[in-house]
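The values are calculated or read from the model by the stated rules, or taken from the named source; none is laboratory data. All values derive from a computational prediction rather than experimental measurement. When we count neighbours, we look across all protein chains shown, and the Cβ atoms used for this are built from the backbone with ideal geometry, even at glycine.
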Amino acid sequence: MAMAEDDETSETRNNARLAILELANMISVPMALNAIIHLKVPDIIYHQQPHPNTPLTASQILTRANLPNADPDNLQRLLRLLTSHNVFAEYTITSSPNSPPERSYSLTETGKTLVTDDHGLSYASYVLQHHQDALVKSWPLLHHAVLDPTVEPFARSNGGKSAYSYYGENPEMNLLMQKAMSGVSVPFMKAIMDGYDGFGFDGKKIQRLVDVGGSGGDCLRMILRKYSHVVEGINFDLPEVVAKAPKIPGVTHVGGDMFKEIPKGDAIFMKWVLTTWTDDECEKIMKNCYEALPVGGKLIACEPVLPLDSDSSHRTRALLAGDIFVMAIYRAKGKHRTEDEFRQLGLSTGFNAFRAIYIDHFYTVLEFTK
């Protein structure tokens, strides 16, 4: 509450009230994203022939979706909200002074990340994966991560089961998780292919590459396609995950437990693995990586890296929001880390060299050399 002497008509107090109301209603944004993906709106707008991404009205979108009984006014409300968050571009035409404007919508660059490619992949699965019932019901218990960090909110709201165990017991959730990770991985890996040159060590080229937590093997497929000297890829993940992985030339799918042992290789690659575990668990994973590598071998980890200072930039907000997602779903003490925290983890597990390569705005390439 404002102090008694504050002037509630001032610009400062007006802006303060507006800001907290926006924050309190922020759940509307991801839920609106979820809704337009279920309605296949991004694909409908983009996959038009012969002119992709031509602006469409809400009624036109629903006609193309073959949903004649759906409500265009409510769809337009979703589109307007997401336009304000730069997912759509809005165009208005007023036919007469007394009639409301006709609004039509196309996709921005942000919105295009939700369009499925020729392999059925996009960031849409990532959005849907985040908003499944089992995950959503964890959020009201977030304060328990402060009161008792030994149990993450997801486990509290799902009968004591961890998220990974829950996925393993629910094939549809597991499949969506794999599709979400593939949808995020492919564009990121394209950036890595163009901006990272570290697939070699001590003048030698990596021949055997292990991907820890590689899910369906998409990252290995892309690496082997570009680097012919990588002749053997080991896709290492939980047995129930690799059991559903597709056949990929040059790739062997291996099921196991990274906390017990990791297959040997010239280098080990992982993406968004260390983030979901505590410091002690990360040390165990990295120690197993160290023991699986030859002298001069590398652990190449792609993880979110927090900036030292908190600010209101899109990058900082995305990284800090992702950090809280980890707290709620995977481990109350799992977390996004700073560059120095990753460096210290590497030193504590035996690695003698470290460098961070900033290519993508969310994931950073972290190179630990034995």
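Inspect region 125-137 for any residue being without any contact (Cβ under 8 Å) to a residue 24 or more places away in the chain and either assigned to a helix (DSSP H, G or I) or of a type in the set (Phe, Trp, Tyr) (or both) and give the result as yes or no.
To start, the set of residues in region 125-137 that are without any contact (Cβ under 8 Å) to a residue 24 or more places away in the chain comprises 133, 136-137.
Then drop every residue that is not either assigned to a helix (DSSP H, G or I) or of a type in the set (Phe, Trp, Tyr) (or both), which leaves 133, 136.
The answer is yes, given that some residue of region 125-137 is without any contact (Cβ under 8 Å) to a residue 24 or more places away in the chain and either assigned to a helix (DSSP H, G or I) or of a type in the set (Phe, Trp, Tyr) (or both).
Among 320, 345, which is the only one that is of a type in the set (A, V, I, L, M), outside any strand (DSSP E or B) and farther than 20 Å from residue 131 by Cβ? Break it down stepwise before answering.
Values: 320 fails: farther than 20 Å from residue 131 by Cβ.
Selected residue: 345, the only one of 320, 345 that is of a type in the set (A, V, I, L, M), outside any strand (DSSP E or B) and farther than 20 Å from residue 131 by Cβ.
Of all residues in region 208-222, how many are closer than 13 Å to residue 270 by Cβ and over 19 Å from the mean Cα position of the chain (by Cα)?
Qualifying residue count, region 208-222: 2.
Quick test for you: out of 197, 117, pick the one residue that is charged (D, E, K, R) and within 29 Å of residue 54 (Cα to Cα). Can you show your working first?
Values: 197 fails: within 29 Å of residue 54 (Cα to Cα).
Of 197, 117, the one residue that is charged (D, E, K, R) and within 29 Å of residue 54 (Cα to Cα) is 117.
I need a count of the residues in region 113-129 that are buried (at least 16 other Cβ atoms within 10 Å of the Cβ) and out of contact with any helix residue (DSSP H, G or I) (no Cβ under 7 Å at 6 or more places or on another chain).
Restricting attention to region 113-129, the residues satisfying the condition of being buried (at least 16 other Cβ atoms within 10 Å of the Cβ) are 113-116, 121-129.
Of the ones still in play, those that are also out of contact with any helix residue (DSSP H, G or I) (no Cβ under 7 Å at 6 or more places or on another chain) are 113.
The number of residues fulfilling the criteria is 1.
If I ask for residues that are in contact with an Asp or Glu (Cβ under 9 Å, 6 or more places away or on another chain) and over 26 Å from residue 190 (Cα atoms), which ones from region 347-361 would you list?
Once the filter is applied, which keeps residues that are in contact with an Asp or Glu (Cβ under 9 Å, 6 or more places away or on another chain) and over 26 Å from residue 190 (Cα atoms), region 347-361 yields 348, 349, 350.
Looking at residue 37, is it outside any loop (DSSP other than H, G, I, E, B) and closer than 27 Å to residue 94 by Cβ?
No, not satisfied.
Kindly provide the set of residues from region 40-67 that are free of Cβ contacts under 8 Å to residues at least 12 places away in the same chain and not in a loop (DSSP other than H, G, I, E, B), ordered by number.
63
For residue 182, indicate whether it is among the hydroxyl-bearing types (Ser, Thr, Tyr), surrounded by 14 or more Cβ atoms within 10 Å (Cβ to Cβ) and at pLDDT below 90.
Numbers: among the hydroxyl-bearing types (Ser, Thr, Tyr): yes; surrounded by 14 or more Cβ atoms within 10 Å (Cβ to Cβ): yes; at pLDDT below 90: yes.
Yes: the conditions hold for residue 182.
Output the residues belonging to region 349-368 that are at pLDDT below 95 and either crowded, with 20+ Cβ neighbours inside 10 Å or touching a His at 6+ places or on another chain (Cβ under 9 Å) (or both).
361, 363
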